[in-house]
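The structure appears right after this line, and notes come after that.
The values are calculated or read from the model by the stated rules, or taken from the named source; none is laboratory data. Because the structure is a prediction, the values reported are computed rather than measured. Methodologically, a virtual Cβ is constructed for each residue, glycine included, from the backbone with ideal geometry; neighbour enumeration extends over all protein chains shown. In case anyone asks, the SASA skips ligands and DNA or RNA and just uses the protein heavy atoms, side chains included. Shrake-Rupley method; radii C 1.70, N 1.55, O 1.52, S 1.80 Å.
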Amino acid sequence: MSQTTIGSAVARVDGFDKLTGRARYAADFHPEGMAHAYGVYSTISRGRIVSIDTSIADGMPGVIEIFHHDNFPTLHRSPASFPEENMVDELRTPFEDDVVHYAGQFVALVVADTFEHARDAAYRVKASYDADSAAANLAQGLEGGVTEANRTERGDADSAFDSAEVKVDATYTTPVETHNPMEMHATTARWANGKLIVHESTQGVIFARNTLAKNFDLDPSQIEVHADYIGSGFGGKLWLWPHSLATCAVARELGRPVQFMLPRQNMFTTSGHRPETSQHIQLGAKTDGTLTSIIHDSINSTSSINTFVEACGGSTSSLYASDALRVSHATAQVARGTPTPMRAPGAGVGLFALESAMDELAIALDMDPLELRRQNFTATDPSDGKPWSSNHMLECYDRAAERFGWADRNPQVGSMRDGDWLIGQGVAACNWDAMRNPCDARVTLRPDGSATVHCATQDIGTGTYTIIAQTAADTLGIDIGRIHVAIGDSTFPHGQISGGSWATASILPAIVGACKAAADKLVEYAANDGAPMAGADTDDLLFEAGVVKNGRGDQATPADILEPQKLAHAIGDFHSDGSPEDGYAYGSFGVNFVEIGWNPNTAQLKVRRVVSSIDAGAIMNDATARSQVEGAIVMGLGAAMFEATEYDERTGRPVNNNYAEYLVPVNADMPELDVILLNHPDYHLNELGARGIGEIGLTGVQAAVANAVYHATGKRIRDLPITLDKIMDETA
Amino acid sequence: MRQFDYKRATDTDGAIQAHAGQAAAYLAGGTTLIDLVKLDVMQPERMVDVNRLALSNIEDADDGRLRIGATVRNTALAYDDRVKRDYTVLSEALLQGASRQLRNRATTAGNVMQRVRCSYFRDGISPCNKREPGTGCSAIEGVNREVFAVLGTSEHCIAVHPSDMCVAMAAIGATVEVQGPNGTREIAFGDFHKMPGNTPHIEHELAEDELITHVTLDAPIEDAGSTYVKLRDRSSYQFALASCAAIVALDGDVIREVRLALGGVGTKPWRCSQAEEQLVGAAANEENFAQAARLAMQDATPYKHNAYKIPLARKAITQALKDATARAGNGGSI
C-alpha cells in the first residue's frame, strides 16, 4: 500500500460543511408535518406516581397529545446485550409503569405543533407522587448494601500487603460527572410504510437500529438510523436513552414525524453519567521500590434500574508487575439514573486512585516517582502472562521527562516558586485498551475516477470521516478529493460504534480490504470481452494510481473499462475480524507530566504546563490524533479541577445542571499542551499498525494534577475535584 | 415559555406606558430575562423591548461624573476610554463577568437588575421565598458552596447578588436614575439593592412602574489606583466565589481615601464602610490591609458548604488593596 496521506495532518474532509452550516445534525431534520415533544420529569427521586393532571395542559395552544404511563403504547425491553449490539443502560422502557426510580425521570411527554407550545404545556402538567426515601449519594447508598460485581486475584494480596516493607493505604473518591457534549441528545423520528426512519445523535447507528428493533418488535431491516454528524457524545450517546424510544413510539402513535431534543438540564438526569466512586488502594513494596502487593477495591454508584460497573481497576491488573494483586469492583444503589460509560470509563477515574497512590508510595520510599514507575514496568501483561504486542511505555517516560525537564525538579515539597506562586510538578502514567471489533465496508469505483466508501459507523467529531478518506485514497492511489465517505447510516455495511477507542483499529482494515476488493473487481472487468485489456490474465493486471495497468505499459481508466460495458461501477466488499487471538496482549500506553501553580495569597490553582507522551500505535492523522489527545487532557484537567454533578441530599435532584454552574475548563484555564505521539505501528493488531487514541489522554491526568498539588503545597487531595477550598489552609 | 405580548418602545414615556397595568418586564439584553422565562421562573405577560430607546450613550455629566445610559452594553462600557482611564475597577469587573458573547448583549441597567443564580430559585419547583414568598429557603440546608452569601443573609434567603459590574459601581459610588409615570428620581446606588430580610422577593428600590434610564458614576478620586480581584474555580465564565473592588488614593505612604466593595459573598453588592474608615489615614501596608479584611468579614455567617468564602474574601480584599495601592499615583511603595 502506498503511503501518501496516512499519518499526515490532512485537514478534516468534513470541515467545510461544518464551518458553513451545511452539516446537518439530528435536530436539523424537519420532515413535513413534524410535531415536537417535550418531557415532564419527576421531581421526586423514589416512589410512585399517584396522578398526572393534564387538564390545563390539554387545552393549551398547539397541544396534540400528552402521553404518560396510563396511555403510553406498550414497548418491549431490549435484552441489553453488547454481543448482540442492542445495548442500553436504562433497562426499563419509558412510561412502562408508575414507579419513579430517580429525580428527572420522564413522567409525561407532551406533543405539540411547536417546540415552544410543547414546553409551555409541559410546564402545566401536574404530577403528584407518593414519595419514598432513597439514597441520594454513594455514602447513603453504601448503607443499603454493597454488591460485588467481580474480582481478579494473583497470589495472596492481603498477606503480601501485611508483610510489605513500605505501604500505602488510602481511599480516593470521585464525584458524578455528566457528559456535556455541545450537541444535546436529539431524535427526529418518522414512520413510512411500516418502516421507522430516525435521525439520532448517536455514537452507534447499528446499536441504535438493533435496540429499536427489539423495542418495536421489528426486523432490523425495517429501521433506518441516520447520524450524519454528531456534536460529540463522550460515551453518553453510545446507547439509546428513554427519549429516543419514546419519540419513535409517539411518532407511530400519532402517525406523524416527531422531534425531541433533550434539554441540557435533563441531560443531567436521563441520559447517563460517570458514577460516583470510592476506591480503596493498598500498595506494598520493598524498600527498593519493587511492588509486592497491589490491592484496588472499588465501589461505584449504580441505579435501581440496572447495575453499571465502573471498571476502576481495569488498568490496575496490567500496568505494573506485582506477584500479588487483587482488583475488585462492587456497586451500591443510589436513586439516580443509570450510569453509562464516559470517556475512558474505568481507567479514567481508576488511574486517579492508582497513580495518586503510586506518588504516595514514592514519597514513602523517598524515591523519584518516575523512577518508581520505571522500576515496576512490565514487559508482559501480568494479568495473563502474554507479551505486549507493542509497548513503548519506557520511551514515553524518557521522552516526556526530557521535554518537561523532570530532571530539574526539586523533590522537596513547596521548594519551587515563581514570585507569589508555589510550583508543583507531578507525573502519572496513562493506559488504555487496544482492540478491534468486526467491521464491514463497501467501496464503489465509478467511471469518473471517484470512489465511495460505505460503512455504518459514524464520526462523533474525532476525524473518522477524514481518516477513512485518507485510507481509501492511499489504498486506491487516487486523490483524497475523489473519495466520498458515506457513514452515519445503519443501512450501510455493518460498522462499529464510536467508542472504546476501537473505531480506528476496527474500521480501517475493512476499508483497506474493500478498496482492494473493488480494485480487483475493476481488474476483472478490464479483462472482460470488449474491455480495454480483454483476454488478459488478471494476474498480469495491476490497479495502481486509479488505473488498471498491464505489463506492457498500457493503462485503462475506470471510464475506459466501465463505459464500453455499460457498467455503473465496480464494487468491493470486505469483512475484517476482531482482535487477533495470537498470544499477544494489546494496550496503549503513555504518561502525563503536569506543572501547576498555587498562589496562597489568592487561592488560585492554575495548570501551567502539560507534557504528554502517548504510545497508541501508528498515527493515522497527526492533526486529528493530536486533537484527540489534547481534548482528552483538557477533559482530564476538568475532572481534576472542576467537574462534579452536585445533588441535593434531600431531593436527589442535581443542582448545577447547566453550562454556567457545571464547570468544564474554558480556554482561559488551558495551559500549553505538549503532546508527543510516538507513532510506533502495532502491526500485530492490524495492517495499518493503528490502535485508538480517543481515551488514553484522559487517564491519569487527575493524578498528575493531584501529585503536582501535593508537591507544591503538601496537601494530598484524594477527593475530586481539587478545588481551592480543599487546598486552602484556612477553613473560616 | 408562556405566550406573552411584545411591544417595542421607541421612547421612555412609551416604554413606561406600555409597561403599565400588567405583569410586564423590560427586555434589554435578555441575558437574564429570556433565560428565566424559558425556565418558567419568570412569567411576564408582556415584554417591553427597550433596546431602541436613546439610552445607549456614555456621556460626561456635571462635576466630573460619568453618565451611563441604561442600554449601554457591558462590552461597550468596559472598553470606553473614560472608563478604562478613570474607572479601571469597573472595566476590569465587567471584563471578568460572564463571557464575551453575554457581555456583547448584556446592558448596564439589565446588569443592575440581574437575578440570583440560586439553583433552588431557578428550578421552579423547590421552596423559595424569592420565587414564592413564604415557602421557605431550600438553599440554607442545601448545596450552597458557590453562589451563596455569607454577608447580609437572613433565614429567608442566602443567594448572592451575582453581578460583578455592580460591585465596582458600589465601590465607585453612583446614582441610579429612574423614570416613572410621574417623572424622574435618583436613587443612591448603595440604597438600590435590598438585603433579603423577611422579604427576599423585594430585591430593589425600583417601583413596579419605574424604568432605569441611567447610572451616573461619582467623579473619580484624584490620583487613585483601582482594581477588581475576582476569585473563582475556573478562570472565566464563572460567578465570583469572592471578589473585591478596591480604589485607593494615597498621600505618601498613608491612605488618603479608599473604597472597598465585595462580590460573591453578599446578598447585595457589598460596600465595606467600616473597613474603609479604619484604612483612611492608616499606612498602606499589608498588615493594615489584612486587618481591614478581617474587619470586613467579621460579621460573616458561614453556611454548610461556603465557610471557605470568609477567608477567600479576606484574600480578595488584601490582594485588591495591594494591587490598587501599587497603581495609585502620588504615593510611596509598600
Residue in segment A:154-169 that is open to solvent by less than 60 Å² (accessible area, probe 1.4 Å), more than 27 Å from A:S271 (Cβ to Cβ) and in contact with a helix residue (DSSP H, G or I) (Cβ under 6 Å, 6 or more places away or on another chain) present: yes
Residue within segment A:667-675 that is modelled with pLDDT of 95 or more, among the acidic types (D, E) and within 20 Å of A:M416 (Cβ to Cβ) present: yes
Lone unmet requirement of (1) loosely packed, with under 15 Cβ neighbours inside 10 Å; (2) part of a loop (DSSP other than H, G, I, E, B) for A:S51: (2)
Scan of segment B:30-45 for residues that are in a helix (DSSP H, G or I) and either open to solvent by 20 Å² or more (accessible area, probe 1.4 Å) or not β-branched (V, I, T) (or both), ordered by number: B:L33, B:I34, B:D35, B:L36, B:K38
Qualifying residue in segment A:616-637 (condition: in contact (Cβ under 8 Å) with a residue 40 or more places away in the chain, within 12 Å of chain B (Cβ to nearest Cβ) and within 20 Å of A:T178 (Cα to Cα)): yes
Enumeration of residues in segment A:535-546 that are under 16 Å from A:S450 (Cα atoms) and crowded, with 20+ Cβ neighbours inside 10 Å: A:F543, A:G546
Answer from A:S627, A:S579 - the residue that is of a type in the set (G, A, S), modelled with pLDDT under 95 and open to solvent by 10 Å² or more (accessible area, probe 1.4 Å): A:S579
Test: residue in segment A:318-325 that is in a loop (DSSP other than H, G, I, E, B) and without any contact (Cβ under 8 Å) to a residue 40 or more places away in the chain: no
Candidate set: segment B:1-25, residues that are part of a strand (DSSP E or B), more than 14 Å from chain A (Cβ to nearest Cβ) and in contact with an Asp or Glu (Cβ under 8 Å, 6 or more places away or on another chain); chosen: the one surrounded by the most Cβ atoms within 10 Å (Cβ to Cβ): B:A24
Qualifying residues in segment A:547-589 (those that are aliphatic (A, V, I, L, M) and part of a loop (DSSP other than H, G, I, E, B)) - the one nearest to A:D479 (Cα to Cα): A:A568
Near pairs, Cβ below 8 angstrom, 6+ apart or cross-chain, from segment A:710-732 (more than 8 Å from chain B (Cβ to nearest Cβ) and basic (K, R)) to any residue that is open to solvent by 40 Å² or more (accessible area, probe 1.4 Å) and assigned to a strand (DSSP E or B): A:R718/A:T171; A:R718/A:T173; A:K726/A:D719
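This table checks each residue for (1) within 14 Å of chain B (Cβ to nearest Cβ); (2) under 30 Å from A:H575 (Cα atoms); (3) acidic (D, E).
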{"position": "A:Y662", "(1), (2), (3)": "yes, no, no"}
{"position": "A:P665", "(1), (2), (3)": "yes, no, no"}
{"position": "A:D669", "(1), (2), (3)": "yes, no, yes"}
{"position": "A:L673", "(1), (2), (3)": "no, no, no"}
{"position": "A:L677", "(1), (2), (3)": "no, yes, no"}
{"position": "A:I696", "(1), (2), (3)": "no, yes, no"}
{"position": "A:T699", "(1), (2), (3)": "no, no, no"}
Residue among A:T466, A:T444, A:T462 that is open to solvent by 30 Å² or more (accessible area, probe 1.4 Å), among the polar types (S, T, N, Q) and touching a residue at least 12 places away in the same chain (Cβ under 8 Å): A:T462
From A:G405, A:G346, A:G313, A:G350, residue being open to solvent by less than 10 Å² (accessible area, probe 1.4 Å) and at positive phi: A:G346
Checklist (1) over 22 Å from B:D218 (Cβ atoms); (2) within 14 Å of chain A (Cβ to nearest Cβ); (3) open to solvent by less than 30 Å² (accessible area, probe 1.4 Å) applied to B:L321, failing item: (1)
Leading residue by the ranking (farthest from B:A245 (Cα to Cα)) among those in segment B:46-64 that are open to solvent by less than 60 Å² (accessible area, probe 1.4 Å) and touching a strand residue (DSSP E or B) at 6+ places or on another chain (Cβ under 6 Å): B:R46
Within segment B:296-317, tally of residues that are facing another protein chain (nearest Cβ under 9 Å), open to solvent by less than 20 Å² (accessible area, probe 1.4 Å) and part of a helix (DSSP H, G or I): 5
Selected residue (only one of A:A668, A:A703, A:A639 is farther than 30 Å from B:R117 by Cα, assigned by TED's automatic domain parsing to the domain that holds A:S415 and in a helix (DSSP H, G or I)): A:A703
Selection within segment B:86-105 - more than 14 Å from the chain's Cα centre (by Cα) and open to solvent by less than 10 Å² (accessible area, probe 1.4 Å): B:Y87
Enumeration of residues in segment A:118-148 that are part of a helix (DSSP H, G or I) and in contact with a His (Cβ under 8 Å, 6 or more places away or on another chain): A:A118
Residue within segment A:77-91 that is outside the structural domain of A:E646 (by TED's automatic domain parsing), open to solvent by 10 Å² or more (accessible area, probe 1.4 Å) and in a strand (DSSP E or B) present: no
Segments classed as strands (runs of 3 or more DSSP E), wholly inside segment B:192-253, with at least 2 members that are within 14 Å of chain A (Cβ to nearest Cβ): B:225-231, B:242-251
Which listed residue is more than 30 Å from A:G424 (Cβ to Cβ), assigned by TED's automatic domain parsing to the domain that holds A:G477 and surrounded by 24 or more Cβ atoms within 10 Å (Cβ to Cβ), from A:P558, A:P532, A:P564: A:P558
Test result for B:E132, open to solvent by 20 Å² or more (accessible area, probe 1.4 Å), over 17 Å from B:F239 (Cβ atoms), away from every other protein chain (no Cβ under 14 Å) and assigned to a loop (DSSP other than H, G, I, E, B): yes
Meets criteria (open to solvent by 10 Å² or more (accessible area, probe 1.4 Å) and polar (S, T, N, Q)) for A:N300: no
Filter result for the condition that a residue is more than 24 Å from B:D299 (Cβ to Cβ) and within 14 Å of chain A (Cβ to nearest Cβ), over B:Q101, B:Q179: B:Q101
Unmet criterion (only one of (1) outside the structural domain of A:H101 (by TED's automatic domain parsing); (2) open to solvent by 30 Å² or more (accessible area, probe 1.4 Å)) for A:P61: (1)
Selection count where residues are within 26 Å of A:T504 (Cα to Cα) and not polar (S, T, N, Q), scope segment A:178-211: 16
